Amino acid sequence: MKRILAVLVENHPGVLSRVAGLIRRRGFNIESLAVGVTDTPDISRMTLVVDGDEAQMQQVGRQLAKLIEVIRVIDLDASHTVARELALVKVLAEPAQRPQVLQLAGVFRANVVDVSPGALTIEVTGTHDKVEALISLAREFGISEVVRTGVVALQRGAGAVTFAEEEREYDADVLRI
């Protein structure tokens, strides 16, 4: 089962490598990884999609929590999470095909962000399945290039994965939201 982990870490060089290495050494495949600085410049948030059951994620979370740069690890419940990814898809399209490619983009509420004589670049944002569906249909026209982000996710509602200096704990327990 695919799980989404939110990991707050200190924004230092090498932290990404240590986190990814720990997960790899435990025999898990990171299906998706997105990292960015939070509203606090010295804190970054990693969003990882990993395949594993709850017990396995607890084990990974406990191991991550032992890393000195890891501040908090949260296993996000998919049913209470908004998750999205972004893809840029360069579709080969001669002028006669452009109306169909534009219609495809419209169906997926995607944006055409670049037009050149032989191709259109489409930006699509949404769930993994939505991005996959657009790419699959665009293959009929021909795709010259695809680039994707990892999944980013937020908890639904007012709750948030945050950090306050007074809350800093290197707990062995993984928080389940």
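The values are calculated or read from the model by the stated rules, or taken from the named source; none is laboratory data. Bear in mind the structure is a predicted one, so any value in this text is a computation, not a measurement. No Cβ is skipped: glycine too gets one built from the backbone with ideal geometry, and neighbour counts run over all protein chains shown.
For the reader, a short list of remarks on this structure follows.
- Filter result (surrounded by fewer than 16 Cβ atoms within 10 Å (Cβ to Cβ) and farther than 15 Å from Arg98 by Cα) within region 130-143: Glu132, Ala133, Ser136
- Complete set of residues in region 106-129 that are surrounded by fewer than 17 Cβ atoms within 10 Å (Cβ to Cβ) and in a loop (DSSP other than H, G, I, E, B): Arg109, Pro117, Gly118, Thr127
- Cβ-Cβ under 6 Å pairs, at least 6 apart or on other chains, region 112-127 side within 16 Å of Arg139 (Cβ to Cβ) and at pLDDT 95 or above, far side of a type in the set (Asp, Glu) and loosely packed, with under 13 Cβ neighbours inside 10 Å: Thr121/Asp114
- Checking Arg24 against (1) loosely packed, with under 15 Cβ neighbours inside 10 Å; (2) closer than 20 Å to Val151 by Cβ; (3) in the same structural domain as Ala133 (by TED's automatic domain parsing), the condition it does not meet: (3)
- Counting only strands (runs of 3 or more DSSP E) that sit wholly inside region 1-94, not one has at least 2 residues that are of a type in the set (Asp, Glu).
- Of the residues making up region 33-64, just one is free of Cβ contacts under 8 Å to residues at least 12 places away in the same chain and aliphatic (A, V, I, L, M), namely Ala55.
- Taken over region 78-113, the criterion of being among the aliphatic types (A, V, I, L, M) and either at positive phi or touching a Phe, Trp or Tyr at 6+ places or on another chain (Cβ under 7 Å) (or both) is satisfied by Val91, Leu92, Ala93, Val101.
- Qualifying residue in region 6-14 (condition: closer than 28 Å to Glu132 by Cβ, within 14 Å of the chain's Cα centre (by Cα) and assigned by TED's automatic domain parsing to the domain that holds Gly142): no
- Cross-chain or 6+ apart pairs with Cβ under 6 Å, region 5-32 first and more than 12 Å from Val60 (Cα to Cα), then of a type in the set (Gly, Ala, Ser) and surrounded by 15 or more Cβ atoms within 10 Å (Cβ to Cβ): Val9/Ser44; Asn11/Ser44; Ser32/Gly150
- The condition (being assigned by TED's automatic domain parsing to the domain that holds Val146 and either in contact with a Lys or Arg (Cβ under 6 Å, 6 or more places away or on another chain) or modelled with pLDDT under 95 (or both)) is satisfied by just one residue among Pro95, Pro41: Pro95.
- Residues of region 130-177 that turn out to be at pLDDT 90 or above, more than 18 Å from Ser44 (Cα to Cα) and in a strand (DSSP E or B), as a count: 6
- For region 31-52, the set of residues classified as more than 12 Å from Val9 (Cβ to Cβ) and either of a type in the set (Asp, Glu) or touching a Gly at 6+ places or on another chain (Cβ under 9 Å) (or both) consists of Glu31, Ser32, Leu33, Ala34, Asp39, Val49, Asp51, listed by residue number.
- Each residue in region 135-161 was checked for being among the small types (Gly, Ala, Ser), without any contact (Cβ under 8 Å) to a residue 60 or more places away in the chain and touching a strand residue (DSSP E or B) at 6+ places or on another chain (Cβ under 7 Å), and 3 of them qualify.
- Residue check: Gly36 meets all listed conditions (1) over 17 Å from Gln155 (Cβ atoms); (2) surrounded by fewer than 12 Cβ atoms within 10 Å (Cβ to Cβ); (3) not hydrophobic (A, V, I, L, M, F, W, C) but one, namely (1).
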